[in-house]
Amino acid sequence: MDRIRIGGGRRLHGEIPISGAKNAALPLIAASLLSSGPLTLTNVPNLVDLGSMVELLEVLGVGVTWEKSSVLGVGGVMRLSAPGPVATLAPYDIVRKMRASFFVLGPLLARAHQARVSLPGGCAIGARPVDVHLKGLAAMGAAIELEEGYVVASCPGGLQGAEFEFPMVSVGATENLLMAASLAHGRTVLSNAALEPEIKDLGECLIAMGAKISGLGTTRIVIDGVAELGPATHPVLPDRIETGTYAIAAAIAGGEVDITGTRVDLVASLLMLLKRTGAEIIPTDNGMKIVRDGRRPRSIDARTEPFPGFPTDLQAQYMALMAFGDGLSHIQETIFENRFMHVPELARMGADISIEGDTAIVRGQARLKAAPVMATDLRASSSLILAGLGAEGNTIVNRVYHLDRGFERIEEKLSRCGADIERLRGEG
Ligand code: EPZ
(Lines give C-alpha, C1' and ligand atoms only; values in the text may rest on other atoms or scores of the structure.)
Protein backbone atom coordinates (compact mmCIF):
# COMPACT_ATOMS: atom_id res chain seq x y z
CA MET A 1 0.00 0.00 0.00
CA ASP A 2 1.23 3.50 -0.82
CA ARG A 3 2.41 5.83 1.91
CA ILE A 4 3.12 9.57 1.87
CA ARG A 5 6.16 11.21 3.49
CA ILE A 6 5.98 14.86 4.52
CA GLY A 7 9.07 16.78 5.63
CA GLY A 8 7.75 19.52 7.91
CA GLY A 9 8.79 23.15 8.36
CA ARG A 10 8.60 24.43 4.77
CA ARG A 11 6.49 27.48 3.94
CA LEU A 12 4.17 27.28 0.90
CA HIS A 13 4.33 29.69 -2.01
CA GLY A 14 2.46 29.38 -5.29
CA GLU A 15 -0.84 28.36 -6.84
CA ILE A 16 -3.04 25.39 -6.01
CA PRO A 17 -5.73 24.67 -8.64
CA ILE A 18 -8.94 23.12 -7.26
CA SER A 19 -10.60 20.12 -8.93
CA GLY A 20 -14.28 19.38 -9.44
CA ALA A 21 -16.10 18.25 -6.29
CA LYS A 22 -16.32 14.54 -5.48
CA ASN A 23 -19.60 15.16 -3.66
CA ALA A 24 -21.09 17.00 -6.63
CA ALA A 25 -19.87 14.52 -9.26
CA LEU A 26 -21.25 11.43 -7.48
CA PRO A 27 -24.97 12.41 -7.61
CA LEU A 28 -24.47 13.96 -11.07
CA ILE A 29 -23.21 10.59 -12.35
CA ALA A 30 -26.27 8.87 -10.81
CA ALA A 31 -28.54 11.44 -12.50
CA SER A 32 -27.55 10.02 -15.90
CA LEU A 33 -29.92 7.11 -15.15
CA LEU A 34 -32.85 9.53 -15.46
CA SER A 35 -32.45 10.22 -19.15
CA SER A 36 -31.87 8.27 -22.37
CA GLY A 37 -29.98 11.20 -23.87
CA PRO A 38 -26.25 11.49 -23.13
CA LEU A 39 -25.20 13.47 -20.05
CA THR A 40 -21.80 15.09 -20.53
CA LEU A 41 -19.99 16.20 -17.37
CA THR A 42 -16.95 18.46 -17.53
CA ASN A 43 -14.44 19.47 -14.81
CA VAL A 44 -14.62 15.85 -13.58
CA PRO A 45 -11.93 15.03 -10.99
CA ASN A 46 -9.94 11.81 -11.31
CA LEU A 47 -10.90 10.10 -8.03
CA VAL A 48 -11.24 6.48 -6.91
CA ASP A 49 -14.81 7.04 -5.67
CA LEU A 50 -15.93 8.21 -9.10
CA GLY A 51 -14.45 5.04 -10.57
CA SER A 52 -16.59 2.98 -8.19
CA MET A 53 -19.70 4.91 -9.19
CA VAL A 54 -18.95 4.42 -12.90
CA GLU A 55 -18.44 0.68 -12.26
CA LEU A 56 -21.91 0.51 -10.71
CA LEU A 57 -23.58 2.45 -13.52
CA GLU A 58 -21.99 0.17 -16.13
CA VAL A 59 -23.44 -2.80 -14.24
CA LEU A 60 -26.83 -1.05 -14.56
CA GLY A 61 -26.40 -0.71 -18.32
CA VAL A 62 -25.19 2.87 -18.61
CA GLY A 63 -22.56 3.46 -21.31
CA VAL A 64 -19.71 5.56 -19.90
CA THR A 65 -16.69 7.15 -21.56
CA TRP A 66 -14.29 9.06 -19.31
CA GLU A 67 -11.46 11.14 -20.79
CA LYS A 68 -9.28 11.81 -17.74
CA SER A 69 -7.21 14.98 -17.81
CA SER A 70 -3.45 14.77 -17.28
CA VAL A 71 -3.16 18.50 -16.60
CA LEU A 72 -3.26 19.36 -12.89
CA GLY A 73 -6.38 21.41 -12.11
CA VAL A 74 -8.02 20.72 -15.48
CA GLY A 75 -10.93 18.31 -15.07
CA GLY A 76 -11.79 15.41 -17.34
CA VAL A 77 -14.86 14.83 -19.50
CA MET A 78 -17.30 12.03 -18.75
CA ARG A 79 -20.11 11.03 -21.12
CA LEU A 80 -22.90 8.82 -19.77
CA SER A 81 -25.80 7.42 -21.76
CA ALA A 82 -28.61 5.19 -20.55
CA PRO A 83 -30.81 4.51 -23.62
CA GLY A 84 -32.42 1.81 -21.50
CA PRO A 85 -33.85 -0.43 -20.35
CA VAL A 86 -31.61 -0.10 -17.31
CA ALA A 87 -30.88 -3.01 -14.96
CA THR A 88 -32.20 -2.36 -11.47
CA LEU A 89 -29.95 -4.38 -9.13
CA ALA A 90 -27.18 -2.48 -7.33
CA PRO A 91 -25.12 -5.31 -5.80
CA TYR A 92 -23.68 -5.36 -2.26
CA ASP A 93 -20.08 -5.85 -3.35
CA ILE A 94 -20.14 -2.51 -5.17
CA VAL A 95 -22.40 -0.50 -2.82
CA ARG A 96 -20.39 -1.53 0.27
CA LYS A 97 -17.25 0.01 -1.31
CA MET A 98 -18.84 3.39 -1.71
CA ARG A 99 -21.97 4.38 0.12
CA ALA A 100 -22.83 7.14 -2.36
CA SER A 101 -23.90 4.27 -4.66
CA PHE A 102 -27.16 4.58 -2.75
CA PHE A 103 -27.87 7.64 -4.92
CA VAL A 104 -29.02 5.26 -7.69
CA LEU A 105 -32.16 4.32 -5.74
CA GLY A 106 -34.16 7.45 -6.53
CA PRO A 107 -33.22 7.56 -10.23
CA LEU A 108 -33.91 3.81 -10.73
CA LEU A 109 -37.36 4.13 -9.16
CA ALA A 110 -38.11 7.21 -11.24
CA ARG A 111 -36.87 5.68 -14.50
CA ALA A 112 -37.60 1.93 -14.17
CA HIS A 113 -40.26 1.99 -11.41
CA GLN A 114 -38.33 -0.61 -9.44
CA ALA A 115 -34.95 -1.08 -7.74
CA ARG A 116 -33.02 -3.53 -5.61
CA VAL A 117 -30.21 -1.61 -3.94
CA SER A 118 -27.95 -2.94 -1.23
CA LEU A 119 -28.10 -1.04 2.04
CA PRO A 120 -24.80 0.87 2.19
CA GLY A 121 -24.01 -0.13 5.75
CA GLY A 122 -22.06 2.07 8.10
CA CYS A 123 -18.59 3.39 7.67
CA ALA A 124 -15.72 4.56 9.87
CA ILE A 125 -17.41 7.82 10.86
CA GLY A 126 -20.77 6.43 11.88
CA ALA A 127 -23.79 4.19 11.32
CA ARG A 128 -25.06 6.47 8.55
CA PRO A 129 -28.60 5.10 8.23
CA VAL A 130 -30.72 5.81 5.14
CA ASP A 131 -34.13 5.89 6.85
CA VAL A 132 -34.85 9.45 5.65
CA HIS A 133 -34.20 8.48 2.02
CA LEU A 134 -36.68 5.59 2.38
CA LYS A 135 -39.29 7.68 4.21
CA GLY A 136 -39.24 10.26 1.41
CA LEU A 137 -39.52 7.70 -1.41
CA ALA A 138 -42.39 5.97 0.43
CA ALA A 139 -44.13 9.35 0.65
CA MET A 140 -43.86 9.43 -3.15
CA GLY A 141 -45.68 6.12 -3.41
CA ALA A 142 -42.82 3.63 -3.49
CA ALA A 143 -43.47 0.26 -1.81
CA ILE A 144 -40.28 -0.50 0.14
CA GLU A 145 -39.19 -3.79 1.72
CA LEU A 146 -35.88 -4.72 3.33
CA GLU A 147 -34.71 -8.17 2.22
CA GLU A 148 -31.35 -9.74 3.15
CA GLY A 149 -29.58 -6.40 3.35
CA TYR A 150 -31.22 -5.00 0.23
CA VAL A 151 -33.78 -2.26 -0.22
CA VAL A 152 -36.42 -3.74 -2.57
CA ALA A 153 -38.53 -0.87 -3.88
CA SER A 154 -41.24 -0.61 -6.52
CA CYS A 155 -43.77 1.89 -7.83
CA PRO A 156 -45.58 0.15 -10.73
CA GLY A 157 -47.31 3.27 -12.10
CA GLY A 158 -44.33 5.50 -11.39
CA LEU A 159 -43.65 7.82 -8.45
CA GLN A 160 -46.26 10.36 -7.34
CA GLY A 161 -45.41 13.94 -6.44
CA ALA A 162 -45.74 14.56 -2.68
CA GLU A 163 -45.19 17.16 0.05
CA PHE A 164 -42.27 15.90 2.17
CA GLU A 165 -40.62 17.60 5.11
CA PHE A 166 -37.20 16.16 5.98
CA PRO A 167 -37.25 15.15 9.68
CA MET A 168 -33.54 16.09 9.74
CA VAL A 169 -31.21 17.84 7.32
CA SER A 170 -29.72 15.20 5.00
CA VAL A 171 -27.58 15.97 1.94
CA GLY A 172 -27.93 12.54 0.35
CA ALA A 173 -31.65 12.18 1.03
CA THR A 174 -32.27 15.62 -0.48
CA GLU A 175 -30.32 14.59 -3.60
CA ASN A 176 -32.03 11.19 -3.93
CA LEU A 177 -35.49 12.74 -3.66
CA LEU A 178 -34.66 15.67 -5.95
CA MET A 179 -33.69 13.20 -8.67
CA ALA A 180 -36.71 10.94 -8.03
CA ALA A 181 -39.18 13.85 -8.10
CA SER A 182 -37.92 15.11 -11.48
CA LEU A 183 -39.75 12.23 -13.25
CA ALA A 184 -42.64 11.74 -10.78
CA HIS A 185 -46.27 12.41 -11.70
CA GLY A 186 -47.23 15.86 -10.42
CA ARG A 187 -45.66 18.32 -7.98
CA THR A 188 -43.24 17.48 -5.16
CA VAL A 189 -42.43 20.00 -2.44
CA LEU A 190 -39.32 19.21 -0.36
CA SER A 191 -39.16 21.21 2.89
CA ASN A 192 -36.22 21.41 5.31
CA ALA A 193 -34.06 20.45 2.33
CA ALA A 194 -30.27 20.58 2.82
CA LEU A 195 -28.53 23.71 1.49
CA GLU A 196 -25.15 22.22 0.49
CA PRO A 197 -23.95 23.76 -2.83
CA GLU A 198 -23.72 20.27 -4.38
CA ILE A 199 -27.53 20.09 -4.22
CA LYS A 200 -27.94 23.33 -6.19
CA ASP A 201 -25.36 22.02 -8.68
CA LEU A 202 -27.36 18.79 -9.13
CA GLY A 203 -30.60 20.75 -9.52
CA GLU A 204 -29.07 22.99 -12.19
CA CYS A 205 -27.93 19.91 -14.10
CA LEU A 206 -31.42 18.38 -13.87
CA ILE A 207 -32.93 21.64 -15.17
CA ALA A 208 -30.47 21.51 -18.10
CA MET A 209 -31.81 17.98 -18.76
CA GLY A 210 -35.38 19.37 -18.85
CA ALA A 211 -36.51 19.10 -15.22
CA LYS A 212 -38.85 21.73 -13.78
CA ILE A 213 -37.38 22.82 -10.45
CA SER A 214 -37.64 26.01 -8.40
CA GLY A 215 -36.30 27.00 -4.98
CA LEU A 216 -32.76 25.66 -5.46
CA GLY A 217 -30.48 27.10 -2.80
CA THR A 218 -33.35 27.37 -0.32
CA THR A 219 -34.77 24.86 2.19
CA ARG A 220 -37.97 24.56 0.11
CA ILE A 221 -37.54 23.00 -3.32
CA VAL A 222 -40.50 22.56 -5.71
CA ILE A 223 -40.27 19.99 -8.52
CA ASP A 224 -42.94 19.49 -11.21
CA GLY A 225 -42.35 16.03 -12.67
CA VAL A 226 -41.92 15.66 -16.43
CA ALA A 227 -42.41 12.60 -18.63
CA GLU A 228 -38.78 12.33 -19.64
CA LEU A 229 -35.44 14.10 -19.44
CA GLY A 230 -33.03 14.68 -22.29
CA PRO A 231 -29.34 15.25 -22.98
CA ALA A 232 -27.29 17.97 -21.27
CA THR A 233 -23.75 19.16 -20.66
CA HIS A 234 -22.86 20.31 -17.15
CA PRO A 235 -19.62 21.42 -15.39
CA VAL A 236 -18.96 19.83 -11.98
CA LEU A 237 -18.91 22.39 -9.13
CA PRO A 238 -15.45 23.18 -7.65
CA ASP A 239 -14.61 21.14 -4.55
CA ARG A 240 -15.21 23.27 -1.43
CA ILE A 241 -13.68 20.65 0.90
CA GLU A 242 -10.51 20.51 -1.16
CA THR A 243 -10.50 24.34 -1.19
CA GLY A 244 -10.80 24.46 2.61
CA THR A 245 -8.17 21.77 3.08
CA TYR A 246 -5.54 23.76 1.15
CA ALA A 247 -6.53 27.02 2.85
CA ILE A 248 -5.82 25.32 6.19
CA ALA A 249 -2.56 23.90 4.78
CA ALA A 250 -1.42 27.46 4.06
CA ALA A 251 -2.47 28.61 7.54
CA ILE A 252 -0.40 25.80 9.13
CA ALA A 253 2.71 25.99 6.93
CA GLY A 254 2.80 29.77 6.55
CA GLY A 255 3.57 31.54 3.26
CA GLU A 256 1.25 32.73 0.50
CA VAL A 257 -0.95 30.36 -1.49
CA ASP A 258 -3.21 31.35 -4.39
CA ILE A 259 -6.11 28.85 -4.47
CA THR A 260 -7.68 28.97 -7.92
CA GLY A 261 -10.63 27.50 -9.82
CA THR A 262 -12.92 27.87 -6.80
CA ARG A 263 -15.18 30.42 -5.07
CA VAL A 264 -15.13 32.25 -1.72
CA ASP A 265 -18.87 31.69 -1.14
CA LEU A 266 -18.31 27.90 -1.10
CA VAL A 267 -16.08 28.14 2.00
CA ALA A 268 -17.24 31.39 3.66
CA SER A 269 -17.64 29.83 7.14
CA LEU A 270 -14.11 28.38 7.08
CA LEU A 271 -12.54 31.59 5.80
CA MET A 272 -14.17 33.54 8.64
CA LEU A 273 -12.68 31.07 11.12
CA LEU A 274 -9.22 31.25 9.51
CA LYS A 275 -9.31 35.05 9.65
CA ARG A 276 -10.00 34.86 13.40
CA THR A 277 -7.02 32.52 13.83
CA GLY A 278 -4.81 35.19 12.25
CA ALA A 279 -4.61 34.20 8.58
CA GLU A 280 -5.05 36.89 5.93
CA ILE A 281 -7.66 36.04 3.27
CA ILE A 282 -7.59 37.94 -0.03
CA PRO A 283 -10.51 37.16 -2.40
CA THR A 284 -9.43 36.93 -6.07
CA ASP A 285 -11.49 36.68 -9.27
CA ASN A 286 -11.24 32.88 -9.32
CA GLY A 287 -10.70 31.93 -5.70
CA MET A 288 -8.70 33.35 -2.83
CA LYS A 289 -5.17 33.98 -1.54
CA ILE A 290 -4.23 32.78 1.95
CA VAL A 291 -1.31 34.60 3.60
CA ARG A 292 0.20 33.57 6.93
CA ASP A 293 3.51 34.56 8.49
CA GLY A 294 4.14 31.22 10.22
CA ARG A 295 3.25 32.48 13.69
CA ARG A 296 1.12 30.16 15.79
CA PRO A 297 -2.59 30.43 14.97
CA ARG A 298 -4.91 31.90 17.59
CA SER A 299 -6.96 29.11 19.24
CA ILE A 300 -10.57 29.60 18.12
CA ASP A 301 -13.55 27.33 18.89
CA ALA A 302 -15.49 25.68 16.06
CA ARG A 303 -18.73 23.72 15.73
CA THR A 304 -19.72 21.70 12.66
CA GLU A 305 -23.14 22.45 11.15
CA PRO A 306 -25.02 21.88 7.90
CA PHE A 307 -24.23 24.41 5.15
CA PRO A 308 -23.72 27.36 5.35
CA GLY A 309 -22.22 26.47 8.75
CA PHE A 310 -18.72 25.09 9.27
CA PRO A 311 -18.60 21.76 7.35
CA THR A 312 -18.01 18.46 9.14
CA ASP A 313 -15.76 17.44 6.23
CA LEU A 314 -13.26 20.12 7.32
CA GLN A 315 -13.38 19.34 11.04
CA ALA A 316 -10.33 17.06 11.07
CA GLN A 317 -8.29 19.48 8.97
CA TYR A 318 -9.18 22.41 11.24
CA MET A 319 -8.17 20.33 14.27
CA ALA A 320 -4.72 19.92 12.73
CA LEU A 321 -4.44 23.72 12.65
CA MET A 322 -5.66 24.08 16.24
CA ALA A 323 -3.03 21.51 17.33
CA PHE A 324 -0.55 24.37 16.77
CA GLY A 325 -2.84 26.98 18.41
CA ASP A 326 -1.70 29.51 21.03
CA GLY A 327 -4.18 28.26 23.65
CA LEU A 328 -7.24 26.09 24.22
CA SER A 329 -9.89 25.47 21.53
CA HIS A 330 -13.10 23.41 21.56
CA ILE A 331 -14.16 21.64 18.36
CA GLN A 332 -17.70 20.25 18.47
CA GLU A 333 -18.81 17.64 15.91
CA THR A 334 -22.60 17.76 15.61
CA ILE A 335 -23.17 15.80 12.36
CA PHE A 336 -21.53 12.38 12.80
CA GLU A 337 -21.21 10.29 15.95
CA ASN A 338 -17.69 9.01 15.45
CA ARG A 339 -15.62 11.53 13.58
CA PHE A 340 -12.62 11.93 15.90
CA MET A 341 -10.48 9.03 14.66
CA HIS A 342 -7.75 11.45 13.65
CA VAL A 343 -7.31 12.41 17.33
CA PRO A 344 -5.15 9.44 18.44
CA GLU A 345 -3.06 9.81 15.27
CA LEU A 346 -2.49 13.54 15.88
CA ALA A 347 -1.64 12.65 19.49
CA ARG A 348 1.15 10.40 18.19
CA MET A 349 2.66 13.60 16.77
CA GLY A 350 2.47 15.29 20.17
CA ALA A 351 -0.89 17.01 19.85
CA ASP A 352 -2.66 17.50 23.21
CA ILE A 353 -6.33 16.70 22.55
CA SER A 354 -8.95 15.28 24.92
CA ILE A 355 -12.49 14.28 23.97
CA GLU A 356 -15.58 14.99 26.03
CA GLY A 357 -18.70 13.63 24.29
CA ASP A 358 -19.06 15.37 20.93
CA THR A 359 -16.34 17.92 21.68
CA ALA A 360 -12.57 17.75 21.25
CA ILE A 361 -10.58 20.03 23.55
CA VAL A 362 -7.33 21.00 21.85
CA ARG A 363 -4.45 22.49 23.85
CA GLY A 364 -2.22 23.99 21.15
CA GLN A 365 1.52 23.17 21.07
CA ALA A 366 4.33 25.30 19.70
CA ARG A 367 5.52 22.33 17.67
CA LEU A 368 4.54 18.78 16.79
CA LYS A 369 6.96 15.96 16.12
CA ALA A 370 6.85 13.81 12.99
CA ALA A 371 5.72 10.21 13.47
CA PRO A 372 4.41 7.29 11.43
CA VAL A 373 0.59 7.69 11.47
CA MET A 374 -2.40 5.81 10.05
CA ALA A 375 -5.09 7.22 7.79
CA THR A 376 -8.50 5.94 8.89
CA ASP A 377 -10.97 7.77 6.69
CA LEU A 378 -10.85 10.23 3.85
CA ARG A 379 -10.87 13.56 5.63
CA ALA A 380 -8.92 12.36 8.70
CA SER A 381 -6.07 11.30 6.40
CA SER A 382 -5.82 14.82 4.98
CA SER A 383 -5.54 16.24 8.52
CA LEU A 384 -2.45 14.08 9.06
CA ILE A 385 -0.85 15.46 5.89
CA LEU A 386 -1.56 19.01 7.13
CA ALA A 387 -0.14 18.30 10.59
CA GLY A 388 2.97 16.89 8.88
CA LEU A 389 3.49 20.21 7.07
CA GLY A 390 3.97 21.92 10.45
CA ALA A 391 5.72 19.10 12.35
CA GLU A 392 9.46 18.69 12.87
CA GLY A 393 10.90 15.83 10.84
CA ASN A 394 9.44 13.35 8.39
CA THR A 395 5.84 12.27 8.96
CA ILE A 396 4.82 9.05 7.22
CA VAL A 397 1.09 8.64 6.56
CA ASN A 398 0.09 5.01 5.96
CA ARG A 399 -2.98 3.69 4.09
CA VAL A 400 -3.22 6.68 1.78
CA TYR A 401 -5.79 4.86 -0.36
CA HIS A 402 -8.29 6.70 1.87
CA LEU A 403 -6.87 9.97 0.56
CA ASP A 404 -7.07 8.96 -3.09
CA ARG A 405 -10.82 8.53 -2.75
CA GLY A 406 -11.38 12.25 -2.45
CA PHE A 407 -8.22 14.31 -3.05
CA GLU A 408 -6.79 14.47 -6.56
CA ARG A 409 -2.95 14.37 -6.66
CA ILE A 410 -2.57 16.02 -3.24
CA GLU A 411 1.20 15.50 -3.11
CA GLU A 412 1.65 17.20 -6.50
CA LYS A 413 -0.56 20.14 -5.58
CA LEU A 414 1.44 20.70 -2.37
CA SER A 415 4.94 19.98 -3.71
CA ARG A 416 4.54 22.48 -6.54
CA CYS A 417 4.11 25.12 -3.77
CA GLY A 418 7.34 24.07 -2.08
CA ALA A 419 6.17 21.38 0.33
CA ASP A 420 8.62 18.52 0.93
CA ILE A 421 6.15 15.71 0.20
CA GLU A 422 6.39 12.49 -1.80
CA ARG A 423 4.41 9.30 -2.35
CA LEU A 424 6.25 6.08 -1.40
CA ARG A 425 4.79 3.55 -3.84
CA GLY A 426 3.57 0.21 -2.54
CA GLU A 427 5.58 0.12 0.70
CA GLY A 428 4.52 -0.51 4.28
C1 EPZ B 1 -22.84 13.74 2.56
O2 EPZ B 1 -23.05 12.50 3.20
C3 EPZ B 1 -21.38 13.74 2.12
N4 EPZ B 1 -21.15 12.65 1.18
C5 EPZ B 1 -20.48 13.59 3.35
O6 EPZ B 1 -19.13 13.68 2.90
C7 EPZ B 1 -20.75 14.75 4.30
O8 EPZ B 1 -19.96 14.60 5.45
C9 EPZ B 1 -22.24 14.75 4.67
O10 EPZ B 1 -23.05 14.84 3.47
C11 EPZ B 1 -22.61 15.93 5.58
O12 EPZ B 1 -22.31 17.12 4.93
C13 EPZ B 1 -21.53 12.80 -0.11
O14 EPZ B 1 -22.07 13.83 -0.49
C15 EPZ B 1 -21.22 11.66 -1.04
P16 EPZ B 1 -26.21 13.34 5.48
P17 EPZ B 1 -24.56 12.03 3.57
O18 EPZ B 1 -27.30 12.49 4.92
O19 EPZ B 1 -25.48 12.47 2.51
C20 EPZ B 1 -27.79 11.18 9.38
C21 EPZ B 1 -16.93 12.94 2.57
O22 EPZ B 1 -15.96 12.89 3.34
N23 EPZ B 1 -28.76 10.52 8.48
O24 EPZ B 1 -26.30 14.83 5.33
O25 EPZ B 1 -24.50 10.59 3.93
C26 EPZ B 1 -26.36 10.76 9.10
O27 EPZ B 1 -26.06 9.56 9.78
C28 EPZ B 1 -18.30 12.52 3.06
O29 EPZ B 1 -16.88 13.33 1.38
C30 EPZ B 1 -29.75 9.72 9.02
O31 EPZ B 1 -29.82 9.54 10.24
O32 EPZ B 1 -24.81 12.89 4.89
C33 EPZ B 1 -25.57 11.93 9.62
O34 EPZ B 1 -25.42 11.81 11.02
C35 EPZ B 1 -18.26 12.00 4.49
N36 EPZ B 1 -30.65 9.13 8.19
C37 EPZ B 1 -26.46 13.13 9.32
O38 EPZ B 1 -27.79 12.58 9.12
C39 EPZ B 1 -30.60 9.30 6.83
O40 EPZ B 1 -31.46 8.74 6.11
C41 EPZ B 1 -26.08 13.88 8.05
O42 EPZ B 1 -26.01 12.94 7.01
C43 EPZ B 1 -29.59 10.14 6.30
C44 EPZ B 1 -28.69 10.74 7.14
Relative contact order for the chain: what percent, with Cα pairs under 8 Å and sequence separation of 6 or more?
21 percent
On a 1.4 Å probe surface of the protein chains, which of R79, R295 comes out largest in accessible area, and what is the full order?
R295, R79
Sticking with the crude label model, points 7 Å out along Cα→Cβ, report the distance from C123 to V291 in nm, one decimal please.
3.8 nm
Student exercise: in the chain, how many lysine pairs 8 or more apart or on different chains have Cα atoms under 20 Å apart?
8
Using a/c under 1.5 as the rounded threshold, could you call the stretch 380-428 rounded, prolate or oblate? The axes a ≥ b ≥ c are square roots of the C-alpha gyration tensor eigenvalues, and prolate needs a/b larger than b/c, oblate otherwise.
rounded
Compute, for the chain, the length of the dipole vector about the Cα centre, with Cβ point charges of +1 (Lys, Arg) and -1 (Asp, Glu) only. Units Debye, rounded to 20.
720 debye
C-alpha center-to-center spacing [the stretch 336-373, the stretch 381-428] in angstrom
18 Å
Please give the length that would be gained between I282 and N394 if that part of the chain were fully extended, namely 0.36 nm times their separation in residues minus their C-alpha to C-alpha distance (nm, one decimal).
37.2 nm
Put +1 on the Cβ of each Lys and Arg and -1 on the Cβ of each Asp and Glu in the stretch 1-122; which of S70, L105, G84 then has its Cα farthest toward the positive end of the dipole?
S70
The stretch 144-229: relative contact order as a whole-number percent, Cα under 8 Å and 6+ apart
30 percent
Once you have a ≥ b ≥ c as the square roots of the Cα gyration tensor eigenvalues for the stretch 279-428, tell me rounded if a/c is under 1.5, and otherwise prolate or oblate according to whether a/b is larger than b/c.
rounded
For R220 and R425, what does the FRET efficiency come to when R0 = 51 Å and r is the distance between their Cβ atoms, rounded to the nearest 0.05?
0.55
If packing is taken as the mean number of other Cβ atoms within 10 Å per residue, what is the order of 158-167, 205-214, highest first?
205-214, 158-167
Simple spin-label estimate for H185/E305, 7 Å along Cα→Cβ, in nm, reads 4.2 nm
Given a Förster distance of 25 Å, the FRET efficiency implied by the Cβ-Cβ spacing of R298 and D358, rounded to the nearest 0.05, works out to 0.60
Looking at the stretch 80-212, what % of its DSSP beta bridges pair antiparallel, to the nearest 5?
65 percent
Under the Karplus relation with 6.51, -1.76 and 1.60 and θ = phi - 60°, whole-Hz ³J(HN,Hα) for the stretch 121-133, x at Gly and Pro, equal x, x, 8, 4, 8, x, 5, 6, x, 10, 4, 5, 4
Taking Cα centroids, how far is the stretch 82-132 from the stretch 1-57 in Å?
19 Å
Under the 7 Å Cα-to-Cβ spin-label approximation, K135 and L89 lie apart by a distance in nanometres of 3.1 nm
State the antiparallel share, in %, of DSSP beta bridges confined to the chain, rounding to the nearest 5.
70 percent
Taking the Cα centre as origin and putting +1 on Lys and Arg beta-carbons and -1 on Asp and Glu beta-carbons, what dipole magnitude results for the stretch 154-306, to the nearest 20 debye?
500 debye
Magnitude of the Cβ-charge dipole of the stretch 237-341, K/R +1 and D/E -1, about the Cα centre, nearest 20 debye?
280 debye
Ranked packing of 376-386, 251-261, 174-184, most packed first, by mean Cβ within 10 Å
174-184, 376-386, 251-261
Which one, M341, T219, A21, is farthest towards the positive end of the dipole of the chain when Lys and Arg carry +1 and Asp and Glu -1 on their Cβ?
M341
For a quick check: with amide H placed at 1.01 Å from N, whose amide H comes under 5 Å from M349's, ignoring anything fewer than 5 positions away on the same chain?
none
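The values are calculated or read from the model by the stated rules, or taken from the named source; none is laboratory data. This structure is a prediction, so every number in the text was calculated from the model and none was measured. Quick reminder, even Gly has a Cβ in these numbers, built from the backbone with ideal geometry, and neighbours come from all protein chains shown. Please note that ligands, DNA and RNA were not included when accessible areas were found on the heavy atoms of the full protein model with its side chains. Shrake-Rupley method; radii C 1.70, N 1.55, O 1.52, S 1.80 Å.
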